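The values are calculated or read from the model by the stated rules, or taken from the named source; none is laboratory data. What you see is a predicted model; the values in this text were computed from it and never measured. Quick reminder, even Gly has a Cβ in these numbers, built from the backbone with ideal geometry, and neighbours come from all protein chains shown.
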């Protein structure tokens, strides 16, 4: 089963997807693989593994700081792919999507990236600073599918174009701005998510700003699930046992989504 089918089947079953974002190499390189397992154990449907980058335009201060720590600790695109491959060999039932920025991917080169990502079982690529119209810059045999993004100010005609371009799912940015935890989200967000799902015909996952378990069901009711990044990074920051901290953080989100469905 490919990743697009995996997502579609989970959505069709009525399950609300829970997708944590983990910056590779944070808090240390040695933590990456155990943290992937911890997130899978806590109920992740799939995991976004972030590639640290020195200029992460879409990321707020929390993920920028995590990326800097990871880079200083020796994290690279190749090491992120290596961790994804080791995890895939041990837990193939939990896909890993690679999230990163255009420069590191292009620096590796499309053919080499496709070869390494395919060999590692990487399920998809998320590249927020690469428009779908120029996805051919990362076109090569075996390249994992790319995921489109939309924001609350994306017009309907553009949403329809993104639906035609397609992808395993659409990443709906729930707020205007960079990543980061929010105490509350605008009342207009559910309508934006529902409209995005209707106009694109794609599974829609909401990210940017989801920080507490009680926020997740309301968002997921209007789409197909939630993506959580900055709040997880904050939970790992300074934790004596990051692996346990990751489990303790994510489980309440899984429970809230499952309870709302029931």
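Observations on the model:
- Test result for residue 75, buried (at least 23 other Cβ atoms within 10 Å of the Cβ) and either in a loop (DSSP other than H, G, I, E, B) or out of contact with any strand residue (DSSP E or B) (no Cβ under 9 Å at 6 or more places or on another chain) (or both): yes
- Subset of segment 222-244 (residues that are more than 21 Å from residue 51 (Cβ to Cβ), free of Cβ contacts under 8 Å to residues at least 60 places away in the same chain and within 19 Å of the chain's Cα centre (by Cα)): 222, 223
- Check on residue 38, over 29 Å from residue 165 (Cβ atoms), touching a helix residue (DSSP H, G or I) at 6+ places or on another chain (Cβ under 7 Å) and modelled with pLDDT under 95: no
- Scoring residue 9 on the criteria (1) closer than 28 Å to residue 139 by Cα; (2) at pLDDT 95 or above; (3) touching a strand residue (DSSP E or B) at 6+ places or on another chain (Cβ under 8 Å); (4) outside any loop (DSSP other than H, G, I, E, B) leaves a single failure, condition (3).
- Segment 156-199 - residue that is at pLDDT 95 or above and part of a loop (DSSP other than H, G, I, E, B) and, of those, surrounded by the most Cβ atoms within 10 Å (Cβ to Cβ): 169
- Residue 122 meets each of the listed conditions (1) over 22 Å from residue 208 (Cα atoms); (2) assigned to a helix (DSSP H, G or I); (3) touching a helix residue (DSSP H, G or I) at 6+ places or on another chain (Cβ under 9 Å) apart from (2).
- Residue that is farthest from residue 32 (Cα to Cα), among those in segment 87-101 that are part of a helix (DSSP H, G or I) and within 17 Å of the chain's Cα centre (by Cα): 88
- Flag if residue 48 is modelled with pLDDT of 95 or more and surrounded by fewer than 17 Cβ atoms within 10 Å (Cβ to Cβ): no
- Annotation for segment 114-123: no member residue is modelled with pLDDT of 95 or more, more than 20 Å from residue 46 (Cα to Cα) and buried (at least 23 other Cβ atoms within 10 Å of the Cβ).
- Segment 205-248, residues that are at positive phi and in contact with a strand residue (DSSP E or B) (Cβ under 8 Å, 6 or more places away or on another chain): 208, 225
- Within segment 78-86, none of the residues are surrounded by fewer than 23 Cβ atoms within 10 Å (Cβ to Cβ), outside any helix (DSSP H, G or I) and in contact (Cβ under 8 Å) with a residue 24 or more places away in the chain.
- Taken over segment 125-153, the criterion of being modelled with pLDDT under 95 and part of a loop (DSSP other than H, G, I, E, B) is satisfied by 128, 129, 130, 131, 139, 151, 152, 153.
- Restricting segment 89-104 to residues that are under 15 Å from residue 147 (Cα atoms) and touching a helix residue (DSSP H, G or I) at 6+ places or on another chain (Cβ under 9 Å), the residue that is surrounded by the fewest Cβ atoms within 10 Å (Cβ to Cβ) is 102.
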